[in-house]
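Notes for the one structure printed next.
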Amino acid sequence: MGIRIAKVIADSGVASRRGAEELIALGLVRVNGAVVNSPVFFVEEGDEIEVSGKKINQRLGTEVYMFHKPINTMTTTSDPQGRKTIYDCLPSEYRNLKYIGRLDFKTTGLLLLTNDSELARRLTLPSSKIPRVYIATVSCSDFYGLDAARRGITVDGIKYSPMQIDEIGGRNLRVSICEGKKNEVRIVLAACGCPVHKLHRVSFGNIKLKKLAPGKISPVPQKVIDEMLKSL
């Protein structure tokens, strides 16, 4: 069996899943020249899909990519303030991919992109317990307050789970988290008296950034994707 047409349209970046269903209801979707009249319609590899008269590129297999997010870029499709986004850095053929989680404007490093919106959702659920590892350069040299972060801490009414924090020389810390709450590393380290000067993500689960240059994108091998899926 193939994949539902609405999912294929959503994964192509043309519309959301709900938007795809609305396009189908309006009779604006064709497969191999025939109008599709139900979202419960399955397509196969090689089927020709048109939305509003334009062909779309279908990706029936799950694809995951590593992207080295540069500094001063927003993890979003567009920014009301006109700031540069990750999609401004990506070649056009990758701009329909969805990001898995976010990195803030100043944070650099590993950001995963995929053509599978459901996978993106699953990988960012707290229940997935996938470790994310960062290198944090902090604006202090006294780390006595970090034990609070290692035990788990509440900041401004928000509870943060225990972090694994290792000192790796100078003012650099290796920080591993599994929750991925908004600005988690920056907020917790600041609350512990170690405000972050630079933050760089080096791994997400079993996927490691290694020597991928800033602004570059690289496919994740299928074997690595399969290993990640087994962990969910």
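Key figures for this structure:
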| quantity | calculated |
| --- | --- |
| The stretch 90-137 shape via C-alpha gyration tensor axes, a/c threshold 1.5 | oblate |
| Exposure ranking of Val31, Val40 by accessible area [1.4 Å probe, largest first] | Val40, Val31 |
| Average projected area [Cα convex hull, the stretch 1-86], square nanometres | 7.0 nm² |
| For the stretch 38-53, 3J(HN,Hα) per residue [Karplus equation, 6.51 cos²θ - 1.76 cosθ + 1.60, θ = phi - 60°, Hz, x = Gly/Pro] | 8, x, 8, 9, 10, 10, 10, 4, x, 5, 9, 10, 10, 10, 6, x |
| Charge dipole magnitude, Cβ of K and R +1, D and E -1 - the chain, Cα centre, debye nearest 20 | 600 debye |
| FRET efficiency, 1/(1 + (r/R0)^6) with R0 22 Å, evaluated for Asn72 and Ser176 via beta carbons | 0.30 |
| Listed residue pairs exceeding 32 Å between alpha carbons, taken from Lys54/Lys181; Lys7/Lys211; Lys55/Lys106; Lys69/Lys159; Lys55/Lys198; Lys106/Lys159 | Lys54/Lys181; Lys7/Lys211; Lys55/Lys106; Lys55/Lys198 |
| By accessible area with a 1.4 Å probe, ligands and nucleic acids excluded, highest first: order of Glu93, Glu50 | Glu93, Glu50 |
| Computed FRET value (nearest 0.05) for Lys106 with Lys55, which takes r as the C-beta separation and R₀ as 45 Å | 0.70 |
| With all protein chains modelled, accessible area of Arg17 [1.4 Å, Å²] | 100 Å² |
| J(HN,Hα) series, the stretch 75-91, from Karplus relation 6.51 cos²θ - 1.76 cosθ + 1.60, nearest Hz, glycine and proline x | 8, 6, 7, 7, 10, x, 8, x, 6, 5, 10, 4, 6, 6, 8, 8, x |
| Nearest-10 value in Å² for the accessible area of Lys159, using the 1.4 Å probe | 150 Å² |
| Rel. contact order, % - alpha carbon contacts under 8 angstrom, at least six apart, the stretch 1-155 | 19 percent |
| Column: log10 I(q)/I(0), Debye, Cα scatterers of the chain, q = 0.11, 0.14, 0.17 Å⁻¹ | -0.64, -0.93, -1.21 |
| Exposure of Lys129 as accessible area (Å², to 10), given a probe of 1.4 Å and all protein chains | 140 Å² |
| Shape category assigned to the stretch 46-132 from the gyration tensor of Cα positions, a/c cut at 1.5 | oblate |
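The values are calculated or read from the model by the stated rules, or taken from the named source; none is laboratory data. Given the structure is predicted, the values throughout are model-derived calculations rather than measurements. A quick note on method: Cβ atoms are made from the backbone with ideal geometry, for glycine too, and the neighbour counts reach across all protein chains shown. Accessible surface is based on the protein model in full, side chains and every heavy atom, while ligands, DNA and RNA are left aside. Shrake-Rupley method; radii C 1.70, N 1.55, O 1.52, S 1.80 Å.
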